[in-house]
Structures are given as C-alpha cells and as structure tokens.
Amino acid sequence: MSRRIGGWAAGLIALLSGAALTLSFAPLEWWPLAPAALLVLYLLLPGRTPRQAAFIGWCFGLGYFGLGVNWVYHSLHLFGGAAALFAVFLTAVFVLVMTAFPAATAWGWAMLHARRARRTGASERPGTAPDALDAGCFAALWILSELLRNAIMGGFPWILIGYSQTTGPLGALAPVIGVYGIGLVLLLTTLLLATLVRAVSSTDRIVALVVTGGVAGATLWAHAQPFTAPLQTSIGVRLTQASIPQEMKFSRERLQRSLDDYLGLTLTDLGDDIDLVVWPETAIPTDFDNVRPYLAPTIRMLDARGIDVLAGGFERDGADSYNAVRQLGGAEQVYRKRHIVPFGEYLPLRDLLEVFDAFIVVPGSDLSRGTGPHVPLQVAGQAVGVSICYEDVFGEEMRPLLPASTLLVNVSNDAWFGESAAPHQHEQKARMRAREMGRPMVRVTNTGVSSAITHRGDIIARIPQGAVAALDVRIVPRTGTTPYVRTGNVPVLLGGLGLVALAGWRSRRIEGAAGGRTGAA
C-alpha cells in the first residue's frame, strides 16, 4: 500500500487519519475509529525511509493533536488573558511539540524494519506486509512514547489511545492493565489482525491467532470479574455545580455571591439521606480561613445533622499557598494538590520564562506542591480518596490511595476549557480511573460536566455543562484491590521495552549473519 502512495498524499491521508482518531474520544466516543485510524497509519509506513516515515507520523500527529487539544487556545486566550495571536502561537508550538511523539514512533519503527529488510534482501514490494514482530514493535514504540509523554515536563497524558476504549470491549481490561495496557493491546490486536490477513509465513499466522484469541479470552474473563466488593451500606452524596463564569470566578467583588450560590445549592431541599456535599475546585476562590466566619453558622448546622462538606479552595501555610480541598466542618481535614500544572499553577524555569507573565495572567499561578503521605480523608463514614482537577489523569499517582479508599472524589474547574470537547474528555479519564481502581467516583466541576460514576465507569447521573444544579445520588462504596492497583504501569513498560529489545536483537542478529555470509564469500 505505502509505495503506491506518494509522500505528500501519504501525509494527507495520515493527517486525516489522525484527525479521525480524535472522534473516538469523548464526547462522541466512536471507539471503532481508533483501531481503524491507527491501522491506516501503520499500513502507510512499510517501504518508507526513516525520514519519510517520520514525516507521515508527524502528519498523523498534526491531525491527532491539532484537533484533539486545540482547547489549549481557549485556556490561553479566553481565560489566560493572552492576546489572540500570541495564544495561537503558543497553541501551535504546543501541538508541534506533541507531534514529535508519533513522528519519533514512526521513525524508530522504520529504522528497525528497514534494517531487517535490507539485511535479509527482502524486497519491500508494494503490498508486502510487515510480520508479527514488526506489529509488536510498532505497538510497543507507540505506548513507550505515551509513557514518556506522561513523564516529561509534568506530564501530558491527554487523549491516550487507551481512553478511546473506555466504553468499548477492551475497557474491561482497565482493572487489570490500566489505560496504557489497553492501548498496547488495542494496537497489538489491530496490527496482528492485519498481519493475519496478509501474513507471509505460518508462524506469523499462528502468533496473530494466539495473541488475538488470548486477548478476546482475557477481555471476556475480565468483564465477568468484580475485582472489588461492595460494602453493605450506601451513602448519599450531593454534587453542586454553580457554573460561575471563569472570567468572574476570581473577582473579589463576587466572592460573597459565589459563596451564597454554593450555600444555596447545598441547603435547598437538603434531605436527611445526604451524608456528603461536594463543592468543586476553587469554589472558595480565596484562602479558606478568609471565609470561615461567613460560613460558620451553616457549617455548624450541617455538622449537627451529620453532613460533611468537601470544598475546593486555597490553603495557606506561611508563605506557601496550595490548591486544596478542605472538610469545612468536623476535623477540617485538608488535601493539598500534589501534581500541580506547569504554566497553570506554577511557572517552570521561572528565571527564563518570567517575561511571559506580562502576556498571560492566570489566577493562582504561583502555588506550592502538596507533600507528605497520600492518604484518604475520613468523611461521611468513608475513606475518601481526593484528587484535584488534572490529578485524575495520572492513574499511577492515584494508586497510593488504594486499597484504603472506599470512594473517590475529584473536584475540578473545567471552565478553563470553554465550550470545547475537553470537559467531556476529562470526564472520560475519570471514568477510566474508576475502572482501573475498582471504585465509584464522584466528580464535581465548576461549569460541568459533573457526574457520579460506578466502579465500572458507567455514569449514574450527570449535571450537563453550563447548568446550575445540585444532584443527589446514592453511592455504594467498595473495598478490595484490582490487579492494576497492585502493579501499576510496570508490566506495560517492561512488555514494551521487551518487544522493542526483541526487534532490535533480531535486526542485529540478521545483520551479523549477513556480515558473516559476506565474509565467507
């Protein structure tokens, strides 16, 4: 296929395929598009030089990230105060940095594949399919690039391909191998099925059949397993969404009205079946202690009724300020955000980049990182594992909350994303975390989407984006430990490295054998 298509035409097809991949994520969640788009990319690569392959991977990434994360512009321009042209420039730079990952994946695969083909004398004819190990190598390189994207500069694990399967059949594997494992399995099965159709050896057919059959069996098995167990009791939780516009949220003049909005949502028709009320991230857009006197009468009344309130706000400790969640009454337990966002909550390389402060103004952008043991808060008779905003996209960092936590709570302020797809994509990540951890999750945001999620990632109820509402749900807490909580991403990392090492070893072995034949001649 690949040599029949010229370089620019292949780039255009890759660009469109990358854009199509984004449709497999929320809000559309057309999950079959993910394997189809990735298969198109893969079939464009054989017969290309590493440089040509990198160009095709770059084009794929341009469509993938250009459409998938263009909400960065909304955050910078509409709410960060950046001039439109400057916001466009920064968004373009960000997208271009992200395209380096699929470009590097395609380049690395082409290097190994071309070397093997050259040393074996294989003719890279149009229509010649890579073998099973080639498929495994590509899948491994892609997932290793995602793990790298998760690690550098604070991490940006957005629209990982595993998220495309949150509601697909492979989503059942989340408690076993997590979102990166799902991505690896998705690529392996997709590319091996292509190998099965066009295999040139019986070994490739056998490998493809064994792996795809094993994945199908494992998926059916995982779907039937509960992994965690429900408690014998349930609790009533009220989600509050005031939908305060981002441009007004941090206004000093609006502070009292904001508090009144959340108090009203908390108290209206509050029944005795509610045990916990959750306010979103920075619902209190100042230090908690600044508003303690104003909230005290209501909090005392709620304490008397046995109702806990968890609210997002700012916690000050000396010169340090933290993005935090506090139990407003009772023991006033506090969780301080541990994974703060570069450029949003702190400025990395401050001495070099401080000049940009004149172009972008982000409220609360000089915050400290929470430290100490990552443990759940004891509220409403449950051990509640709390995360703030972006933290729920890092499953590896949420694992310390388990198995102690019986319920997960995430508070966020997705107003930064505007009317883009990002709030829905963020909810999709929370659903994946619920599946990985085997716990229900309550997710409360300033402007939506707020939702209650089962341990299998299903939506119990939801407050739509932009609505002002309180939502009451019954949650059944759970105990136990999933395999993913025990192992994290280590098996996926080792598996990916093993596949790449195997492909590299084969190339070197073939090269050595070819050299030996040349010497003998």
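The values are calculated or read from the model by the stated rules, or taken from the named source; none is laboratory data. Computed from a predicted structure; not experimentally measured. With ideal geometry, Cβ positions are generated from the backbone for all residues, glycine too; neighbour counts draw on all protein chains shown. Side chains are part of the model used for accessible areas, which takes the heavy atoms of the whole protein and leaves out ligands, DNA and RNA. Shrake-Rupley method; radii C 1.70, N 1.55, O 1.52, S 1.80 Å.
Checking the conditions here, which among Arg316, Arg257 is at pLDDT below 95, more than 24 Å from Ala467 (Cβ to Cβ) and surrounded by fewer than 21 Cβ atoms within 10 Å (Cβ to Cβ)? Before you say what the answer is, go through the steps one by one.
Working: Arg257 fails: more than 24 Å from Ala467 (Cβ to Cβ).
So the residue among Arg316, Arg257 that is at pLDDT below 95, more than 24 Å from Ala467 (Cβ to Cβ) and surrounded by fewer than 21 Cβ atoms within 10 Å (Cβ to Cβ) is Arg316.
Looking at Gly519 and the list (1) at pLDDT 95 or above; (2) in a helix (DSSP H, G or I), which single condition is not satisfied?
Of everything listed in (1) at pLDDT 95 or above; (2) in a helix (DSSP H, G or I), Gly519 misses just condition (1).
Return a yes/no flag: does the stretch 109-119 have any residue that is buried (at least 21 other Cβ atoms within 10 Å of the Cβ) and modelled with pLDDT of 90 or more.
yes
Report whether or not Asp308 is within 30 Å of the chain's Cα centre (by Cα), open to solvent by 20 Å² or more (accessible area, probe 1.4 Å) and closer than 20 Å to Leu270 by Cβ. Working first, answer last.
Details: within 30 Å of the chain's Cα centre (by Cα): yes; open to solvent by 20 Å² or more (accessible area, probe 1.4 Å): yes; closer than 20 Å to Leu270 by Cβ: yes.
Taking the combined requirement at face value, the residue satisfies it.
Read through the list (1) more than 30 Å from Glu391 (Cα to Cα); (2) surrounded by fewer than 18 Cβ atoms within 10 Å (Cβ to Cβ); (3) of a type outside the set (Gly, Ala, Ser); (4) at pLDDT 95 or above, then give the number of the only condition that Cys137 fails.
(2)
Is it true that Leu347 is open to solvent by less than 50 Å² (accessible area, probe 1.4 Å), at pLDDT 95 or above and of a type in the set (A, V, I, L, M, F, W, C)? Even if it seems obvious, please write down each step before you answer.
On the way: open to solvent by less than 50 Å² (accessible area, probe 1.4 Å): yes; at pLDDT 95 or above: no; of a type in the set (A, V, I, L, M, F, W, C): yes.
The answer is no for Leu347.
With respect to Gly466, is the statement that it is in contact (Cβ under 8 Å) with a residue 60 or more places away in the chain and either on the phi > 0 side of the Ramachandran plot or in contact with a Cys (Cβ under 8 Å, 6 or more places away or on another chain) (or both) true? Let's see the steps before the verdict.
Values: in contact (Cβ under 8 Å) with a residue 60 or more places away in the chain: yes; either on the phi > 0 side of the Ramachandran plot or in contact with a Cys (Cβ under 8 Å, 6 or more places away or on another chain) (or both): yes.
Yes.
Do we find a residue being open to solvent by 20 Å² or more (accessible area, probe 1.4 Å) and outside any helix (DSSP H, G or I) anywhere in the stretch 184-206?
Yes, there is a match, as at least one residue in the stretch 184-206 is open to solvent by 20 Å² or more (accessible area, probe 1.4 Å) and outside any helix (DSSP H, G or I).
Which residue pairs have Cβ atoms under 8 Å apart, sit 6 or more places apart or on different chains, and have a first residue in the stretch 483-495 that is basic (Lys, Arg) and a second that is at pLDDT 95 or above?
none
Could you list, ordered by first residue, the pairs with Cβ atoms under 9 Å in which the first is in the stretch 259-272 and more than 17 Å from Asn290 (Cα to Cα) and the second is of a type in the set (Lys, Arg) and surrounded by fewer than 19 Cβ atoms within 10 Å (Cβ to Cβ), at least 6 apart or interchain?
Qualifying pairs under 9 Å: Leu270/Arg305; Asp272/Arg305.
Ile460 is checked against (1) touching an Asp or Glu at 6+ places or on another chain (Cβ under 8 Å); (2) open to solvent by 40 Å² or more (accessible area, probe 1.4 Å); (3) not small (Gly, Ala, Ser) and fails just one. What number does that condition carry?
(1)
Does Asp303 fit the bill of being over 32 Å from the mean Cα position of the chain (by Cα) and at positive phi?
Answer is no for this residue.
In the stretch 260-290, how many are closer than 18 Å to Ile244 by Cα, assigned to a helix (DSSP H, G or I) and either open to solvent by 70 Å² or more (accessible area, probe 1.4 Å) or in contact with a helix residue (DSSP H, G or I) (Cβ under 6 Å, 6 or more places away or on another chain) (or both)?
Number of matching residues: 1.
Being at pLDDT 95 or above and closer than 26 Å to Thr105 by Cβ narrows it down to one residue among Leu502, Leu471, Leu497; which is it? Give the derivation first.
On the way: Leu502 fails: at pLDDT 95 or above; Leu471 fails: closer than 26 Å to Thr105 by Cβ.
Just one listed residue meets the conditions, Leu497.
How many residues are open to solvent by 30 Å² or more (accessible area, probe 1.4 Å), of a type in the set (A, V, I, L, M, F, W, C) and modelled with pLDDT of 90 or more when one looks only at the stretch 39-92?
Residues meeting the conditions: 8.
If we keep just the residues of the stretch 371-390 that are surrounded by 20 or more Cβ atoms within 10 Å (Cβ to Cβ) and at pLDDT below 95, which is nearest to Gln327 (Cα to Cα)? Please lay out each step first, then the result.
If we filter the stretch 371-390 for residues that are surrounded by 20 or more Cβ atoms within 10 Å (Cβ to Cβ), which is where we start, we get 376-377, 379-380, 382, 384-390.
Subset that is at pLDDT below 95: 389-390.
Details: Cys389: 17, Tyr390: 20 Å.
The residue in question is Cys389.
What is the one condition in (1) closer than 30 Å to Val278 by Cβ; (2) surrounded by fewer than 23 Cβ atoms within 10 Å (Cβ to Cβ); (3) among the polar types (S, T, N, Q) that Gln165 does not satisfy?
Among (1) closer than 30 Å to Val278 by Cβ; (2) surrounded by fewer than 23 Cβ atoms within 10 Å (Cβ to Cβ); (3) among the polar types (S, T, N, Q), Gln165 violates only (2).
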